[in-house]
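All of the numbers you see were taken from the coordinates with simple rules; none came from a lab. Here the structure is a predicted model, which means the values were calculated and not measured. Please note: Cβ atoms are built from the backbone with ideal geometry, for glycine as well, and neighbour counts cover all protein chains shown.
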Amino acid sequence: MPAIADRSSSPFKAMLAAKSCELAGSGGCCTPQKRRLRSDTALAAKESPVSTPMKLKSPRRRLDSSPSSPANRIKKDPSEKTLKKCWNPRDVEQMRAVKEAVHVSTAPSTVVCREDEQKRVLDFCKACVQQEKAGSLYVCGCPGTGKSLSMELVKQQVIDWAKMEGLQSPEVLAMNCTSLANTSVIFSKILGMHQPKKKSIGSTSPLQHLQNLYSNKQAQSSSKMMLIIADELDYLITRDRAVLHDLFMLTTFPFSRCILIGIANSIDLADRFLPRLQSLNCKPMVVTFRAYSKDQILSILQERLLVLPYIVFHQQALELCARKVAAASGDMRKALSVCRSAVEILEAELRESASNTGLTSAEGDFVSPRTALAYEVFPSQENNTVRIDHMALALSKTFRSPIVDTIQSLPQHQQIILCSAVKYFRGGKKDTTVGELNKSYIDICKSALIPPVGILEFSSMCRVLNDQGLFKLGQSRDDKFKRVTLKVDGADISFALQGVRLFRNCLQ
Amino acid sequence: MGREKEKEKLSEKALNLLRSRLSDPNFIFRPLSDSPDSNYSKLKFIISTSVTEACNNSILLLGPRGSGKVAVLELVLSDLLQQYPEAISVIRLNGLLHSDDNCALKEIARQLCMEHQLLFSKVASFDDNSQFMIAMLRECGLAHKTIIFVLDEFGFFAQGKQRLLYSLLDAMQSVNSQAVVIGVSCRLDVDQLLEKRVRSRFSHRKLLFLSPSKEDTERFIEHILSLPMDSSLPHNYTAEFNGRLKKLLSDERFKELIDTYLSFNFTIGHLVRFLFQAVSYMDLSAGFLSLGNFKTALSSNQRQPKLECIRDCSVLELYMMVCMKRLEVKEQASYNFYSVMTEYKSIHDSFQTSDYYAANVCLRAFEHLLQCQLISFIDNKGHNQSVEFRPVKLLISSAELHQGLKSYQQCPAILLKLMDR
């Protein structure tokens with residue numbers, strides 16, 4: 001495993017020492033100057049119980065590693081909540097903290113709105129460990145609904161619970177099936193957990209070895225239970241569905257020791273790909289993680305923002321975000337990404353206003369740090385929180401497709417081609433050839449008194465439109481006979497082109 | 001004599017300067033990127049915040065071919081490498097070469113090894129390579145180094161099982177790694193090609209590269225074609241060159257010319273190519289750019305090979321093509337040599353033209369048209385039949401024929417009249 005020498009912090013300390021006074025001065029693009037070092041905060045913090053010998057831990061990891069800390073942070077004095085002060089977006093530290101709080105990779109300390117599902121999975125695992133029985137569970141749900149996150153927490157909780165109860169805590173094998181080179185590698189991994197020292201015998205495959213192991217009673221009472229969490233289970237689906245089947249069948253053996261939890265997106269994976277299990281009466285239990293509703297998204301966002309001692313978002317902005325994302329997909333990652341981009345829009349707005357006022361007031365003189373700080377001293381209440389208009393802009397950026405903008409900025413002849421395609425396909429036809437489209441295009445050009453281009457130029461413009469994803473061109477030896485279909489809705493094109501009189505008349 | 005030679009040398013120098021400018025993408029895109037809400041500054045802001053604030057990001061650059069996506073990206077990367085020399089390492093993948101997962105991981109491992117001066121083993125397996133990549137991401141994250149993945153032709157990575165994309169984007173979801181994934185594509189709907197879970201991990205940021213507005217284009221042309229005052233060329237020559245250029249650019253005819261060109265293809269790449277051609281036509285003895293240069297460039301850009309064929313045809317051949325056109329208009333589905341001759345005779349009878357030739361001469365003309373590929377047989381089946389009986393079709397559209405007739409010297413007026421009807 002490669003190792004990079006830890007960067008000495010001396011070159012960066014120099015940067016920290018120099019105050020960034022370019023905030024107001026440069027009119028062009030400003031890059032944030034101060035660099036936050038993880039090593040600095042880690043030095044200041046106390047040692048956490050679990051630490052790697054070489055590297056210093058970042059504050060984020062510190063919080064997650066000790067199991068007892070999550071509870072402390074959330075308990076806030078009720079009187080404190082009402083006295084939250086406004087944040088100062090020009091402070092680089094605060095901006096960074098806000099962005100970190102809303103980043104997808106920051107794992108929250110508790111997982112709200114998933115208590116039921118977690119409880120079900122936890123009870124199932126507890127029962128299996130207590131009775132020393134094997135079992136299988138299937139977790140399904142749309143992406144971004146908190147499945148992997150919940151399984152991480154359950155994993156930890158099972159180990160803690162087993163320790164508390166005095167039972168043997170199970171060994172855990174958590175893996176993502178996309179990283180497997182071959183679908184049957186999973187069996188050798190399971191075998192490796194069972195017998196870490198022994199080398200696998202050449203003649204029997206790992207699968208057969210495991211099957212043998214589980215069919216015979218060989219000092220089973222001493223060996224531990226094994227908790228297997230397989231993420232993105234549908235990568236194991238092969239044409240004959242053998243691997244998936246064998247994996248779940250492992251839990252049906254009389255002396256099997258594994259508790260299998262599979263995570264995937266499709267709801268009916270168990271029914272479609274594991275029909276034989278039903279006859280054996282060992283169908284896996286299914287826990288569905290539904291897409292988040294508006295209230296759930298709102299409460300999760302608020303939970304995340306509780307760690308910050310100041311108010312960043314307007315309540316209505318958060319509600320708008322939650323409502324829009326819940327209506328679209330219920331995907332939590334999207335909500336977080338929208339919040340982050342709203343914060344960035346606010347940041348850009350403040351930067352622009354600062355540079356504008358800075359430029360006008362400086363009149364060519366060097367802007368001293370004092371005037372830059374003056375903005376920080378008097379922040380106005382309204383300008384500091386992320387308002388509804390920022391959130392609306394962020395939402396439109398995320399959800400709107402760039403098609404309308406692109407069509408409006410196409411050169412004129414390509415717009416005429418699109419217009420002629422819309423007109424041609426209005427009659428109910430679905431596709432046509434380039435030659436026919438050319439005739440329709442020439443008609444429109446004639447009516448607009450624009451000289452049409454030749455067939456060569458026309459087919460190369462069709463190819464450009466195909467590259468951009470607006471058309472779909474089929475294959476043919478002769479250019480004229482390639483089949484053309486529209487990939488964009490005709491209504492979108494009409495909407496985009498309605499500003500130009502020519503197209504308005506054409507498309508009436 | 002000496003003065004002329006001197007002038008030629010000067011103009012050659014100026015020409016070389018202009019041509020080298022037009023081939024340098026850095027020079028072309030820098031003036032367009034100066035404003036604070038250009039794509040350059042937005043991209044730079046996003047990447048630099050990821051570097052300094054140690055958070056992960058992913059972004060898509062979309063736009064038609066030639067609109068400068070990769071050029072602007074390279075500008076941003078080179079600027080950032082100057083600003084933070086130790087904190088960034090760049091991995092470049094291309095969808096045309098590395099769309100297969102094994103290949104892509106091997107390439108990533110190789111580039112990482114090159115950056116950090118480690119030994120790369122060619123026989124490392126897929127598993128080894130992916131472990132290596134994850135380990136490197138972790139190490140770089142701890143050492144405050146950001147890895148920037150540039151995925152060119154992003155659409156090709158979205159084929160198949162999208163394993164590489166998933167593992168890259170998933171690695172970015174963890175706290176340990178510090179990476180930025182930048183996808184470049186010319187398809188607008190490339191994120192619809194992604195699987196649900198990959199799309200969910202992608203941060204939905206898109207930067208659109210649209211063509212600049214008309215005023216920006218004019219300013220851009222002026223900026224590129226003006227010679228700099230501090231070059232090695234003599235001052236008065238430069239001043240005169242720039243003065244004449246300014247006059248040319250404000251000429252109405254020039255504006256019309258540029259408008260015509262830009263109504264087909266609006267991207268910067270096309271414009272630069274056009275300017276390169278125009279500049280290459282510069283008359284070295286005069287030493288200055290003129291409107292004629294641009295006109296020649298425009299016409300050489302819009303070649304129509306069929307029109308050039310028509311220019312080489314004889315008058316009889318033109319007659320035959322017009323007859324075939326008329327037959328088409330009369331909705332005769334297929335026609336052969338004899339039906340064309342009938343039409344030809346009827347024209348002669350009604351208009352009393354002077355160009356009436358015998359059948360064997362017409363047959364020669366017919367065969368010549370076949371050779372030029374202005375007409376062709378409808379199908380290849382009738383090899384036994386002689387040329388006169390096989391049905392033919394016209395390979396040239398009526399608009400092109402009309403245009404060809406108009407540009408033909410000494411075209412008989414009757415033909416134009418017949419075409420108009």
In what sequence do A:ARG304, B:ARG364 fall when counting other Cβ within 10 Å, fewest first? B:ARG364, A:ARG304
Which distance in nm do the two modelled labels at B:CYS113 and A:ARG323 give, with both placed 7 Å along the Cα-to-Cβ direction? 5.7 nm
So what does the Cα-only Debye profile of segment A:402-507 read at q = 0.17, 0.18, 0.22 Å⁻¹, as log10 I(q)/I(0), no solvent term? -0.72, -0.82, -1.28
Straight-line reach from A:LYS294: which aspartates and glutamates have Cα under 12 Å away, leaving out those fewer than 8 places along the same chain? A:GLU319, A:ASP331
Take the alpha carbon atoms of segment B:1-58, find their center, do the same for segment B:158-208, and report the distance between the two centers in whole angstrom. 30 Å
Once the principal axes of the Cα atoms of segment B:307-420 are found, what is the range along each, listed largest first in whole angstroms? 39, 30, 26
Are any of the pairs B:LYS214/B:LYS295; B:LYS69/B:LYS246; A:LYS119/A:LYS324; A:LYS147/B:LYS161; A:LYS334/B:LYS44; A:LYS126/A:LYS334 more than 25 Å apart by Cα-Cα distance, and if so, which? B:LYS69/B:LYS246; A:LYS119/A:LYS324; A:LYS126/A:LYS334
The set of residues whose placed amide H lies less than 5 Å from the amide H of A:VAL287, leaving out same-chain residues fewer than 5 positions away, is A:TYR138, A:VAL139, A:CYS140
Derived scalar couplings ³J(HN,Hα) [segment B:304-321; Karplus, 6.51 cos²θ - 1.76 cosθ + 1.60; whole Hz; x for Gly, Pro]: 10, x, 5, 5, 5, 5, 5, 4, 8, 7, 8, 5, 4, 5, 4, 4, 5, 5
May I ask for the distance between the Cα centers of segment B:302-369 and segment B:242-264, given as a whole number of Å? 41 Å
What list of ³J(HN,Hα) values in whole Hz, one per residue of segment A:454-465 in order, does the Karplus curve 6.51 cos²θ - 1.76 cosθ + 1.60 (θ = phi - 60°) give from phi, with Gly and Pro shown as x? x, 5, 5, 5, 4, 6, 6, 5, 4, 5, 4, 5
In Å, what Kirkwood hydrodynamic radius results for segment B:227-281 from the alpha-carbon pair distances? 12.9 Å
Taking a crude spin-label model, label points 7 Å out from Cα along the C-beta direction, the A:THR183 to B:GLU8 distance in nm is 7.4 nm
Could you give the dipole magnitude of the protein assembly as shown about its Cα centre, charging the beta-carbon of Lys and Arg +1 and that of Asp and Glu -1, in debye to the nearest 20? 1860 debye
GNM on chain B, Cα springs under 10 Å; top mean-square fluctuation among B:ARG21, B:ARG219, B:ARG311 goes to B:ARG311
With r defined as the distance between the Cβ atoms of A:SER476 and B:GLU252 and R0 fixed at 41 Å, what FRET efficiency is calculated, to the nearest 0.05? 0.45
Can you tell me the Rg and Dmax of segment B:83-193, counting just the alpha carbons, in angstroms? 13.7, 40
At q = 0.19, 0.26 Å⁻¹, the log10 of I(q)/I(0) for segment A:103-178 from a Debye sum over equal Cα scatterers comes to -0.90, -1.44
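When the convex hull of the C-alpha atoms of segment B:2-94 is computed, what volume per residue in Å³ does it have? Write down the numbers at each step before the final one.
Working: hull volume 14.3 nm³, N = 93.
Per-residue hull volume (Cα only) is 154 Å³.
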Averaged over residues of B:139-145, the number of beta carbons from other chains lying within 10 Å of each residue's Cβ is 6
Could you put A:MET193, A:MET391 in order, starting from the residue whose Cβ has the fewest other Cβ atoms within 10 Å? A:MET193, A:MET391
For segment A:390-485, what is the number of Lys pairs with C-alpha distance below 16 angstrom, counting only pairs 8 or more positions apart or on separate chains? 11
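Across peptide B:200-207, what mean number of C-beta atoms from other chains lies inside 10 Å of a residue's C-beta?
Numbers: counts 12, 5, 3, 9, 8, 6, 5, 1.
Counting other chains' Cβ atoms within 10 Å and averaging over B:200-207 gives 6.
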Projected onto the charge dipole of segment A:402-507 (+1 at Lys/Arg Cβ, -1 at Asp/Glu Cβ, origin at the Cα centre), which of A:GLN412, A:GLY474, A:ILE493 gives the Cα projection farthest towards the positive end? A:GLY474
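Mind ranking B:355-362, A:486-493, B:45-52 by how tightly packed they are, going by the mean number of other C-beta atoms within 10 angstrom, highest first? Intermediate values should be presented prior to the final figure.
Values: B:355-362: 12.8, A:486-493: 16.5, B:45-52: 21.2.
Highest mean packing first, the order is B:45-52, A:486-493, B:355-362.
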How do A:ILE159, B:ILE182, B:ILE378 rank when sorted from fewest to most other Cβ atoms within 10 Å of their own Cβ? B:ILE378, A:ILE159, B:ILE182
Could you tell me the relative contact order of chain B? Use alpha-carbon pairs under 8 Å, at least six residues apart, and round to a whole percent. 17 percent
Have a look at B:ARG390, B:ARG244, B:ARG92 and tell me which one the Gaussian network model of chain B (Cα, springs below 10 Å) gives the largest fluctuation. B:ARG390
What ranking, highest mean first, results for peptides A:278-285, B:127-134, A:399-406 when packing means the other Cβ atoms within 10 Å averaged over each residue? B:127-134, A:399-406, A:278-285
222 nm mean residue ellipticity, helices alone, for the protein assembly as shown (DSSP H n ≥ 4; -39,500 (n - 2.57); rounded to 500): -16500 deg cm²/dmol
FRET efficiency, B:ASP230 to B:GLU86 (Cβ-Cβ, R0 41 Å, nearest 0.05): 0.75
Could you give the spread of the C-alpha atoms of chain B along their three principal axes, from largest to smallest, in whole angstroms? 93, 65, 36
Could you quote the convex hull projected area for the protein assembly as shown, Cα atoms only and averaged over all directions, in nm²? 53.9 nm²
